[in-house]
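Visitor: If you scroll down you'll find the structure; I have some questions about it.
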Amino acid sequence: MHSRRQFLTRSAQAAVALTLARHQAFASAAQKSGLADVYKEDFLLGTALSTHTLAEKNTQVLDLVAREFNAITAENCMKWGVLEPEPGQWQWGPADEFVNYGQEHNMAVVGHTLVWHSQAPLWLFKDEQGNPISKAALQERVEQHINRIMGRYKGKIHTWDVVNEAVDEDKGWRQTGFYKILGPDYMEQIFRLAHAADPNAHLIYNDYNMHDPHKRAFLVDVFKGYRQREVPIHGVGMQTHVGLDYPDLKEFENSMKAYIDLGLALHMTEMEVDVLPVAWEFTGAEISTGFEYSDQLNPYADGLPDKVQQQLTDRYVQMFELFLKYRENIARVTLWGTSDAESWKNNFPVRGRSNYPLLFDRDWQAKPAYHALKKLKTEA
Ligand code: XIL
């Protein structure tokens with residue numbers, strides 16, 4: 001049994017971690033005038049940066065990102081299969097460039113992600129002969145991977161999405177190669193390895209559909225066990241891939257409260273608002289899911305009607321009102337991209353649609369939702 005005092009001590013530790021997670025923003029926000037500046041006393045405001053956006057070196061775009069946001073997440077370049085497509089063939093270029101950009105602009109740099117079943121290299125679960133890998137060998141690979149990446153960016157990347165999407169809504173632990181080979185306590189092992197690799201890093205578990213009551217109940221149980229066994233975890237990433245009318249914000253808030261009660265810092269890690277019709281009732285973000293294109297599923301190919309633009313704005317405001325209510329416990333709100341042109345939602349879960357989920361339009365102009373979020377703070 002843990003006493004209330006012990007619990008408060010842990011909450012206090014989480015609060016320190018939260019303060020640290022915000023620290024960088026305060027340092028840099030003074031000379032900026034974008035949206036992140038408006039929210040600087042509430043939480044970090046971030047965006048995902050793609051390898052393409054960095055490689056293009058369009059200074060107008062890169063200046064806009066640096067002005068509007070004070071945190072960045074690597075959209076793809078730090079995923080295992082992208083970093084090390086063949087054993088030992090490390091592709092550091094884009095990841096280094098991403099980290100340098102963040103440092104140059106005084107942004108909080110988020111590492112995404114150390115262990116995830118998607119975008120993992122095909123060779124990972126096989127030995128040199130092409131047979132299924134042993135537990136000991138996979139443990140070794142995971143440990144080396146974590147040490148190498150976290151070691152390279154020590155002191156530069158402060159927050160890590162340590163494990164991504166390890167839980168299925170209905171069935172508990174997702175039956176990934178990591179789970180099957182490393183065993184049911186694999187996530188706990190990985191958090192311990194990450195903490196050993198960089199004891200100063202803020203370590204979070206990241207997942208989608210975090211409002212789901214089954215997923216919440218399962219994770220609350222897991223995290224309570226972590227508290228008892230002193231597993232080093234500091235925060236929870238709620239991906240926040242939402243739509244105009246899902247998820248139920250009451251359930252979303254219930255999940256926020258449940259994680260806060262465990263002394264964990266909240267990060268909204270991959271937010272966008274999908275405005276398109278839901279295909280086959282699918283509202284998840286498991287990236288291997290796909291549905292066939294039809295014109296019916298792509299109603300705004302020629303532009304977004306005013307009515308839907310307004311719904312999008314209202315939804316952003318509604319969600320940010322919720323975030324402000326819990327600002328004491330939220331370290332960061334990150335959008336999954338800046339301009340609608342670059343959103344993965346144009347191709348997921350149906351390829352080739354025109355979606356409008358972000359705060360800047362296809363010409364990188366601020367949308368009504370952006371102005372509404374500014375107003376929400378300045379007129380409060
Ligand atoms: C997405 C990227 O945005 C796409 O470019 C890529 O093709 C697939 O992955 N959950 C995550 C993110 O944690 O890494 C995913 O990003 C979106 C769902």
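The values are calculated or read from the model by the stated rules, or taken from the named source; none is laboratory data. As the structure is a prediction and not an experimental result, all values here were calculated from the model. All Cβ positions, glycine included, derive from the backbone under ideal geometry; neighbour counts span all protein chains shown.
Visitor: For residues in the range 92-119 being among the polar types (S, T, N, Q) and within 16 Å of the ligand (Cβ to nearest atom), which is surrounded by the most Cβ atoms within 10 Å (Cβ to Cβ)?
Guide: Within the range 92-119, the subset among the polar types (S, T, N, Q) is 100, 103, 106, 113, 118-119.
Narrowing further to those that are within 16 Å of the ligand (Cβ to nearest atom): 113, 118-119.
Values: Thr113: 23, Ser118: 15, Gln119: 16.
Top of the filtered list is Thr113.
Visitor: Hey, can you tell me all the residues within the range 172-207 that are assigned to a strand (DSSP E or B) and touching a residue at least 24 places away in the same chain (Cβ under 8 Å)?
Guide: At the first step, the residues of the range 172-207 found to be assigned to a strand (DSSP E or B) are 172-173, 202-207.
Once the filter is applied, which keeps residues that are assigned to a strand (DSSP E or B) and touching a residue at least 24 places away in the same chain (Cβ under 8 Å), the range 172-207 yields Gly172, His202, Leu203, Ile204, Tyr205, Asn206, Asp207.
Visitor: If you don't mind, another one. Given the structure, is Leu122 at pLDDT below 95, more than 13 Å from the ligand (Cβ to nearest atom) and not acidic (Asp, Glu)? Explain how you work it out, then say what you get.
Guide: Details: at pLDDT below 95: yes; more than 13 Å from the ligand (Cβ to nearest atom): yes; not acidic (Asp, Glu): yes.
When the stated conditions are applied, Leu122 passes them.
Visitor: Six or more apart or on different chains, Cβ atoms under 6 Å: show the pairs whose first residue is in the range 284-296 and within 20 Å of Val167 (Cα to Cα) and of a type outside the set (Gly, Ala, Ser) and whose second is at pLDDT 95 or above and within 11 Å of the ligand (Cβ to nearest atom).
Guide: These pairs meet every condition: Ile287/Ser118; Thr289/Pro349.
Visitor: For the range 328-341, does any single residue satisfy the condition of being of a type outside the set (A, V, I, L, M), modelled with pLDDT of 95 or more, more than 15 Å from the chain's Cα centre (by Cα) and farther than 29 Å from His52 by Cα?
Guide: Checked the range 328-341: at least one residue is of a type outside the set (A, V, I, L, M), modelled with pLDDT of 95 or more, more than 15 Å from the chain's Cα centre (by Cα) and farther than 29 Å from His52 by Cα.
Visitor: I'm trying to understand the selection: among the residues of the range 280-295, which are away from the ligand (no atom under 16 Å from the Cβ) and small (Gly, Ala, Ser)?
Guide: Across the range 280-295, the qualifying residue is only Ser294.
Visitor: When the residues of the range 349-366 are narrowed to those that are assigned to a loop (DSSP other than H, G, I, E, B) and surrounded by fewer than 20 Cβ atoms within 10 Å (Cβ to Cβ), which ends up nearest to the ligand (Cβ to nearest atom)?
Guide: Going residue by residue through the range 349-366, those that are assigned to a loop (DSSP other than H, G, I, E, B) are 349, 351-359, 361-365.
Among the residues that remain, those that are also surrounded by fewer than 20 Cβ atoms within 10 Å (Cβ to Cβ) are: 351-352, 354, 361-365.
On the way: Arg351: 11, Gly352: 14, Ser354: 17, Asp361: 19, Arg362: 17, Asp363: 21, Trp364: 18, Gln365: 22 Å.
Selected residue: Arg351.
Visitor: In the list Val308, Val333, which residue meets the criterion of being within 16 Å of the ligand (Cβ to nearest atom) and among the β-branched types (Val, Ile, Thr)?
Guide: Just a single option satisfies the conditions, and that option is Val333.
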